[in-house]
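Report on the structure given below.
What follows is calculated from the coordinates using simple rules that are stated; it is not laboratory data. Everything numeric in this text was worked out from a predicted model, so none of it was measured. Positions of Cβ are backbone-derived with ideal geometry, glycine not excepted, and every protein chain shown enters the neighbour counts.
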Amino acid sequence: MRFRAAFCFAAILLSLSSICFAQGEPNPVNATAAVLHAFETHDIVMFGEIHGNKQEYEWLRSLVATPEFADRVDDIVMEIGNSLYQKSVDRYVAGEDVPMEQVQKAWRNTVASIGPPSPVSGWLYQAVRESNLKRRGKHQMRVLCGDPYIDWEKVKGGGDIAPYLGNRDQWYAQVVRDEVLAKHHRALLIMGSAHFLRGPGPFSGKIEPELRRAGAKTYLIVFGTNTIGDYDDLDHRFDSWPTPVIVSLAGSWVGELPALPVINGGEGNNIIIFGPGPAGAPPGPPPEPLKLKDAADALLYLGPRDRLTEVNMPRAELEGTPYGKEIQRRLQIEGFSETLLDDKEEAPQFSRPEQGQALPIPGPVGAPLAPPPQAKSGSLPLPTPPKNMGAPPLPPRPPSQ
């Protein structure tokens, strides 16, 4: 009853949105109500997430538990989901008895993760299962694994990873085309914001254009904070907003904000962006700042940046375990010399960035990455990508486990 009252109130807010936009003021709407409203006119709602965030996945769990969402949404497509284990995931979310050590391979054994993945992804798989169990005899939701079907037991070197790493976006789009659009389903897509952002050059996501060409009507929501510039540049106009809320980016001051600091919490604003080019060539000029209104349709706001929490798989849970040893093996194959393990289960989502960190932006398929500028001490060294990165196609898909 409390939710229905909130939903009705949100509907009133939505009906007043044109007036608010005319005044240049944003119209924050209850996040769940806004997603339900988006599905009234779109078959695909894309959510560009920040990985590992506690508040984000607490809201996502409440979203899939909402009867109105479960009534109208058929599929949830997860970036943190290895397609090799789709059969186990289907059985698990349908409520069957599946050993946890089998089904958790779907979110623990992806090529998407560097180091141990956050436990929050598993929370959402469990939430869908719990919702389906309560809806016996009614419409059931399915979780689709959107990451390529890498079998880590067969990976011996960096070259074995390249086909999966270089075709991640293409495979994700194919899963959506084959399992969602071809069946005339409605789906919530969850992937890191960088894969979905609209914009020129390195900011141009490849997935949404493919889905639109296949006939999808898409709506893009991205996670965001109250950071609008450098790490200490916070916008206090967000302070009065209830949370969680979603705000449309058209016609208000929010849409005029620079996209990257809002999305990355100010962590990435001192990063040097460079692209492909001849060895020894200096980095090209930085791209023009991308505005939020040009990057997405709406912003999910979960609270001030410094109250947001990252959930980790801590070192104590991994050390001395077979999975912990396997994670270290994968990191060595990927070229990381550091352990990349966290000491605490929870930590601030965003921390003050190191100055001068280098971030490569890959160019066309097969193009080499330009050499990074010299990074200052203390920043994580970037591994050299596999020589065949971007060149080989995906191997044939093995039977699902």
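Quick notes on this one:
- Sequence of Ser62, Ser248, Ser131 once ranked by neighbouring C-beta atoms within 10 Å, starting from the fewest: Ser62, Ser131, Ser248
- Using only side-chain charges placed at the Cβ, +1 for Lys and Arg and -1 for Asp and Glu, the dipole size of region 77-125 relative to its Cα centre rounds to 120 debye.
- When each of Val254, Val155 is scored by the number of other beta-carbon atoms lying within 10 Å, the sequence from fewest to most is Val155, Val254.
- Relative contact order (percent, whole number), region 123-272, Cα cutoff 8 Å, 6+ residue spacing: 16
- Over all other residues within a Cβ to Cβ distance under 11 Å of Pro244, the charged ones net out to -2, with Lys and Arg as +1 and Asp and Glu as -1.
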